[in-house]
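> To start, I am sharing the structure in question, which I have written as structure tokens.
The values are calculated or read from the model by the stated rules, or taken from the named source; none is laboratory data. A quick note: this is a predicted structure, and the numbers were derived from the prediction, not measured. Cβ sites come from the backbone with ideal geometry, for glycine too, and all protein chains shown count toward neighbours. For accessibility, only protein heavy atoms count, side chains too; no ligands or nucleic acids. Shrake-Rupley method; radii C 1.70, N 1.55, O 1.52, S 1.80 Å.
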Amino acid sequence: MNNIITLPILIPLLTGIFLIFFRSIPLQKWISAIALIVTTGVSAYIIHLISTHGILTLQLGGWEAPYGITLVADMFAALLVLTTAMVSLCCLYYAFGTVGKNRERFYFFSFFLFLVAGVNGSFFTGDIFNLFVCFELMLISSYVLLSLGGERIQLRETIKYLLINIISSMIFVLAIAYLYGITGTLNMADLSVKVAEIGQDGLLTTVSLLFLVVFGLKAALFLYFWLPGSYSAPPPAVAALFGALLTKVGIYAIFRTFTLIFYHQPEVTHTLMMWMAALTMILGTIGAVAHWDVKKIIVYNVIVAVGLIIFGLSVFSSVSLIGSLYYFVHDMIIKALLFLLAGAVIIIARTHKLHEISGLIRHHPYLGWLFFIAALSLAGIPPFGGFIGKVFITQGGLENGDYIVAGIGLFTSLLVLYSVMKIFLNGFWGETILSKKEEGKVKNVLLPCSILAALTILLGLGAEWTYVYFEQAVEGLMNPNFYIQAVLHD
Amino acid sequence: MEILMSVIAGILFMVGTYLILSKNMIRIVLGTNFISHGAHILILTMAGLKTGAPPLLGLEATNYTDPLPQALILTAIVISFGVTAFFLVLGYRTYKVTGTDNTDGLRGPDSYD
């Protein structure tokens, strides 16, 4: 039986509900940590199963596809679920020491787990309406996590974030309605078959662009105007979770819809995507270079990475997709790491203005060098994780003749390196202006950050070992038939 | 009938957009409601309106209404209900903290503390 693929969704969801009944905070901490550790283990086991048995599917309630809701775990989704579990575990441990009693008392951990459940659900679902539902589960948890604490800036940013997401969700529903009106099905595998049968004409391409707008809004692909404000409002543990997971779910949805369903007109959809990606990279980099605010620099770096990943998809060759996937997984890890480290810097220095931070490395050498590793990995310096993704994406882009966008990708990586090195040079080096007593106290920082840094190094050094899994994932993306066969002819 | 419903959905979207563009918090919340109603009506219309039969497919049935859009709308209504409730509470809390329900009043320097 393939019931195991419900577990990465069910464990966080049920644990989250369970925690509402326990007011004891130490107990909540223990239970949520155990839940995420189990989820990590289960996800690793699912990857093992997929590598030996191929794509796993589960027809929920015994309703055969295309009538019921199908859960599909292919290698692509499973890799992302495993990364989600590991990253959220690190963020959770960091949150133990930093979010404060006020948030913990108001069900912080429950909503944290609901968010993880929504993210995992979005990755595993094989039904496009169910994708909408999982998106909403994730978004509602994110609204709560963003506003929890009730500071003025948090409230203002939540209102903006909420309004943008309500409208984009409604466009999502509209796009689903049009798609259902044209094809009469919602199962993604069945949609792929139907769209291939009737041919992707102008009408379906328009609907696909509607999906691109929706997912572009959620993934911050060019339509990122809401992101810098909302991601710099919550506490670092939450911002890390958002930066690592939320935009990535949007990217995942773009990958899924444009490799499985709407892949017949790449000269329209994928070309548009490529230029959106190029603009995202350029504009994100300008933001990252221009700001002298620790939070804002990291937040703009989220946007740059989205552009690079989508560029790999828009080239649409197996080389570039492998690069995209490596960079995707790498970016989830590295963005969490950067947000957590930047959060620690802000707590220690008691300010987020880079001009007022200096010489932290004297009292916090380990933190400083972790930041250095993170910065190198983000920019794609070998042997760290970002290198492999960037190499393959650039190689794919050059092979395909997209010299301009590939050049933009390389040039922006350089400026990205500058933008984070700016934090390292100004914040960690220089004269130490704070004595040990004046500094803010940080707890639970080094362990999660070390784990994440170790993961990014492993992703780089162990590339040969992980390549098999990524190759299998890309094979599935390039051949929609594998997915269709697994779902419809089980 | 479908044309009439499409026009109604369009009007709902128009009203919703107008309300969202205003500065009053309550109007913005209501605007999102109108837009979600427009989307729900559109789902119903896109799947084909009443064909004069219940949504049941038996052995003798020659005709039936597609039940799926109604299930979708039900789900979407529940979600938009929850989000609206959250939005109202958020608006109220913002009013309590900042003393204004005008979006212009929320502007200000990006102070994090």
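> Per residue of B:35-42, what is the mean number of Cβ atoms on other protein chains within 10 angstrom of that residue's Cβ? Don't jump to the answer; show the numbers that get you there.
Working: counts 7, 5, 1, 3, 9, 3, 1, 6.
Mean shielding by partner chains, rounded to a whole number: 4.
> Now for a separate question. Over chain B, give the accessible area per residue in Å² for a 1.4 Å probe, as an integer. Please list the in-between numbers first.
Details: 6820 Å² over 113 residues.
Accessible surface, normalised per residue, equals 60 Å².
> I need the phi-derived Karplus couplings for segment A:242-254: 6.51 cos²θ - 1.76 cosθ + 1.60, θ = phi - 60°, integer Hz, Gly and Pro marked x.
5, x, 7, 10, 5, 5, 5, 5, x, 4, 4, 5, 4
> Compute the accessible area of each residue in segment A:166-183 twice, once for its chain alone and once with every protein chain present, using a 1.4 Å probe on heavy atoms, and list those whose area falls by at least 10 Å².
A:ILE166, A:ILE167, A:MET170, A:VAL173, A:LEU174, A:ALA177, A:TYR178, A:TYR180, A:GLY181
> Additional query: How many percent of the accessible area of the protein assembly as shown is carbon or sulfur, using a 1.4 Å probe? Numbers along the way, then the final one.
Values: 15790 of 23270 Å².
C and S atoms contribute 68 percent here.
> A further question follows. For A:TYR300, B:TYR92, A:TYR231, write out the residues from largest to smallest accessible area, computed with a 1.4 angstrom probe and no ligands counted.
Sorted descending by solvent-accessible area, the residues read B:TYR92, A:TYR300, A:TYR231.
> Select from segment B:50-99 those trypsin sites (Lys or Arg not before Pro) which occupy a DSSP coil region and have at most 13 other Cβ atoms within 10 Å, ordered by residue number. Kindly include the intermediate steps, with their values, before the conclusion.
Details: sites: B:LYS50, B:ARG93, B:LYS96; in loops: B:LYS50.
For trypsin sites (Lys or Arg not before Pro) across segment B:50-99 that sit outside H, G, I, E and B with at most 13 neighbouring Cβ atoms in 10 Å, the list reads B:LYS50.
> Taking both sides together, what accessible area is buried at the B/A interface, probe 1.4 Å, expressed in Å² and rounded to the nearest 100? Write out the running numbers ahead of the final one.
Working: alone 8370 and 18040 Å², together 23270 Å².
So the total buried area for this chain pair works out to about 3100 Å².
> Would you tell me the accessible area of B:VAL29, worked out with a 1.4 angstrom probe on the heavy atoms of the protein chains, in Å² to the nearest 10?
10
> Something else: Please state the relative contact order of chain B as a whole percent: Cα pairs under 8 Å, 6+ residues apart? Write out the running numbers ahead of the final one.
Values: 107 pairs, mean separation 28.4, N = 113.
Here the relative contact order equals 25 percent.
> To continue, here is another question. List, by residue number, every residue in segment A:142-158 with a reduction of 10 Å² or greater in accessible area between the chain on its own and the complete protein assembly, 1.4 Å probe.
A:TYR143, A:VAL144, A:SER147, A:GLY150, A:GLU151, A:ARG152, A:ILE153, A:LEU155, A:ARG156, A:THR158
> At a 10 angstrom cut-off on C-beta neighbours, averaged per residue, how do the peptides B:32-42, A:281-291, B:18-28 rank from highest to lowest? Could the numbers behind the result be given before it?
Details: B:32-42: 22.4, A:281-291: 20.0, B:18-28: 15.8.
Packing order, densest peptide first, comes out as B:32-42, A:281-291, B:18-28.
> Accessible area, 1.4 Å probe, largest first: how do A:LEU137, B:LEU57 sort?
B:LEU57, A:LEU137
> Also, I was wondering about something else. Over 24 Å between Cα atoms, which of A:LYS160/A:LYS443; A:LYS101/A:LYS335; A:LYS218/A:LYS296; A:LYS441/B:LYS96; A:LYS248/A:LYS422; A:LYS353/A:LYS443 qualify? Numbers along the way, then the final one.
On the way: A:LYS160/A:LYS443 32 Å; A:LYS101/A:LYS335 26 Å; A:LYS218/A:LYS296 19 Å; A:LYS441/B:LYS96 31 Å; A:LYS248/A:LYS422 26 Å; A:LYS353/A:LYS443 22 Å.
With Cα atoms farther than 24 Å apart: A:LYS160/A:LYS443; A:LYS101/A:LYS335; A:LYS441/B:LYS96; A:LYS248/A:LYS422.
> Could you compute the longest span of chain A free of trypsin sites (Lys or Arg not before Pro) located in DSSP loops and having at most 13 other Cβ atoms within 10 Å, not counting the site residues? Don't skip to the end; give the middle numbers.
Values: sites that count: A:ARG23, A:ARG350, A:LYS436, A:LYS437, A:LYS441, A:LYS443.
Here the longest segment lacking exposed loop sites spans A:24-349.
> Still on this model: With a 1.4 Å probe and every protein chain left in place, work out the accessible area per residue of segment A:2-488 in Å², rounded to a whole number. Intermediate results must be reported in sequence, preceding the final value.
On the way: 16010 Å² over 487 residues.
Computed with neighbouring chains in place, this is 33 Å² per residue.
> Let me ask something additional. Over chain A, what relative contact order in percent results from Cα pairs under 8 Å that are six or more residues apart?
Relative contact order, chain A: 17 percent.
> Excluding residues on the same chain fewer than 8 positions from A:LYS436, give the aspartates and glutamates whose Cα lies under 19 Å from its Cα.
Within reach: A:GLU356.
> Using a 1.4 angstrom probe with every protein chain in place, what is the largest-first accessible-area order of A:TYR327, A:TYR224?
Working: A:TYR327 10, A:TYR224 35 Å².
Sorted descending by solvent-accessible area, the residues read A:TYR224, A:TYR327.
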